[in-house]
Amino acid sequence: MTSRIRIYVASVAIAAIGASIAVYVVSPANGSSMLADALFLCALALTGEMLGFLLSTRAVGSMGFIPIFAAAILVPAWPTVFGVVLLRVGLELLQPREAIKKTLNIASHALMVTIAIFAYRLLGGVGLLHLAQTTSLTHLTQQYGLPAIVAFNVALLANHSIVYLAIAFATGRSFKAVWLEHSRSTFVVDILTTPLIFVFAWVYGAFGPLAAAAFWVPILGLRQVQRVNLELERTNEELLELMVKSLEARDPYTSGHSRRVQHYSTIIARAMGLPERSIAEIGRAALLHDVGKIYEKYASVLAKQDKLTPEEWAIIQEHPDDGAKLVATMTRLRDIVPAIRHHHENWDGTGYPHGLAGEFIPLASRVIRFADTIDAMTTERPYRGPLTEPEVRSELVRWRGVQFDPSIADRLLSSPLWSSLFSSPSIGEPTQPARFALIGGRRRPELMREVRSAIGG
């Protein structure tokens, strides 16, 4: 654990203590029942936390924030902060985590609820615990619905930012990358859930704890639906990994190649300014671009040390079609089938399997073509070391409009993300020397012929 992370967690903890004291000073509780109400709502939150579910990013999600935020507008005072801290302390004591992680979780939740209380108060919100008994939901929504929903989202944003920044410090990744990876599974659900929190708070204030507990049961049912959807997503991701690992077991010489091509493809797609959904789709296609080589007919060809015969070369040229047919058997992956089938097409129409040219080649295939070639140029070969950044740039410029889409080449080479292709950490084991060359290739062939040989193109 680096000192940077320790300092960060200590800062968050100090901020949480200060914010909690501020709530105690500026927003005192009126009436002893407020503490009981806050603790009851936190007990409901406990059931949500205990029924937490694993997100696709291996983090744990829950619906426990609903009663927590309901408490923040019903009792926007210190009892709610006390109840949330007590809840998190109890949960953290049950988890086999490092002390610093427990501290961060407790402090981030304390900050989350204090931010919700202050934001709600600043926007004109008042405690709804007793007001809800005499006021209709419509009237309360008109007066306090917007302040409550804004406060919820500001608090959630702050909580996510605190945790994701800690992950960024711990992993050395950018905050943006961590945010995009972790928030995509829950962002929409969090936004859509915030109006429900206001309704839940009104039910508690108007009809009491038992009614709120009964209303909480179907909300937990929503958790179950989300859990199933996320489990399906996680299963799909694991199936992709299984397919890639099976290929690497067949062809250990290219271990790590698929993951590096995926990594490079997402950088290139991001340099092009594509939306995140398209970037994710291209990443999946890149991960599976060589999956067709898993078939038995490629085993002897991939293991061959010498030049390929015309018959063997014809076999290698079948792997994009074979991969596309294999991936097409999975309904949720059919959108990426064209990208896999055409990732060896060249801009000038000299590629395979169908000789497509120009804009007829799927955009994802054109991106993967860049990534596949860059990986071949930047890995070790028996006749040369990895190419440098200027050498790779020179080759991309040279083959711009021949092998590569010229517009993608121009945007990539001028993008600030270009250098990240060479500064990113390696993924998997280094690729071993290629085992086959172009038919009739010389012992020291031209560079791009070497590269095409290495990637089967």
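The values are calculated or read from the model by the stated rules, or taken from the named source; none is laboratory data. Bear in mind the structure is a predicted one, so any value in this text is a computation, not a measurement. Every residue, glycine among them, receives a Cβ derived from its backbone with ideal geometry; neighbour counts consider all protein chains shown.
Table: residues versus (1) touching a residue at least 40 places away in the same chain (Cβ under 8 Å); (2) closer than 21 Å to Phe40 by Cβ.
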residue: Trp78; (1), (2): yes, yes
residue: Val81; (1), (2): yes, yes
residue: Val89; (1), (2): no, yes
residue: Lys101; (1), (2): no, no
residue: Tyr120; (1), (2): yes, yes
residue: His130; (1), (2): yes, yes
residue: Leu140; (1), (2): yes, yes
(message) On the basis of being assigned by TED's automatic domain parsing to the domain that holds Ala201, in contact with a helix residue (DSSP H, G or I) (Cβ under 8 Å, 6 or more places away or on another chain) and at pLDDT below 95, does Leu111 make the cut?
(response) no
(message) So in segment 401-420, with the set limited to residues that are of a type outside the set (Gly, Ala, Ser) and closer than 14 Å to Glu359 by Cα, which one is farthest from the chain's Cα centre (by Cα)?
(response) Val402
(message) Going by what's in this entry, would Lys293 be described as modelled with pLDDT of 85 or more, over 16 Å from Ser365 (Cα atoms), over 27 Å from the mean Cα position of the chain (by Cα) and of a type in the set (Lys, Arg)?
(response) yes
(request) For segment 288-308, indicate whether the set of residues that are farther than 30 Å from Leu417 by Cα, in contact (Cβ under 8 Å) with a residue 40 or more places away in the chain and among the polar types (S, T, N, Q) is non-empty. (result) yes
(message) Only one of Ser11, Ser32, Ser20 is modelled with pLDDT under 85 and in the same structural domain as Ile100 (by TED's automatic domain parsing). Can you tell me which?
(response) Ser32
(message) Criterion first (in contact (Cβ under 8 Å) with a residue 60 or more places away in the chain and in a loop (DSSP other than H, G, I, E, B)) does His354 satisfy it?
(response) no
(request) Could you list, in sequence order, all residues of segment 142-175 that are outside any helix (DSSP H, G or I) and either touching a residue at least 40 places away in the same chain (Cβ under 8 Å) or buried (at least 19 other Cβ atoms within 10 Å of the Cβ) (or both)? (result) none
(request) Can you tell me which residue among Gly125, Gly90 is surrounded by fewer than 16 Cβ atoms within 10 Å (Cβ to Cβ) and either within 24 Å of Ala10 (Cβ to Cβ) or assigned by TED's automatic domain parsing to the domain that holds Ala212 (or both)? (result) Gly90
(message) If Ala132 meets every condition in (1) buried (at least 16 other Cβ atoms within 10 Å of the Cβ); (2) farther than 25 Å from Val217 by Cα; (3) among the hydrophobic types (A, V, I, L, M, F, W, C) apart from one, which number is that one?
(response) (2)
(message) Just to be sure I understand, how many residues within segment 357-383 are surrounded by fewer than 21 Cβ atoms within 10 Å (Cβ to Cβ) and either touching a Lys or Arg at 6+ places or on another chain (Cβ under 7 Å) or not in a loop (DSSP other than H, G, I, E, B) (or both)?
(response) 6
(request) Please find, within segment 61-86, the residue that is nearest to the chain's Cα centre (by Cα) out of those that are surrounded by fewer than 24 Cβ atoms within 10 Å (Cβ to Cβ) and in a helix (DSSP H, G or I). (result) Val85
(message) Can you pull out every residue in segment 152-207 that is of a type in the set (Val, Ile, Thr) and modelled with pLDDT of 75 or more?
(response) Val154, Ile162, Val163, Ile167, Thr171, Val178, Thr193, Thr194, Ile197, Val199, Val203
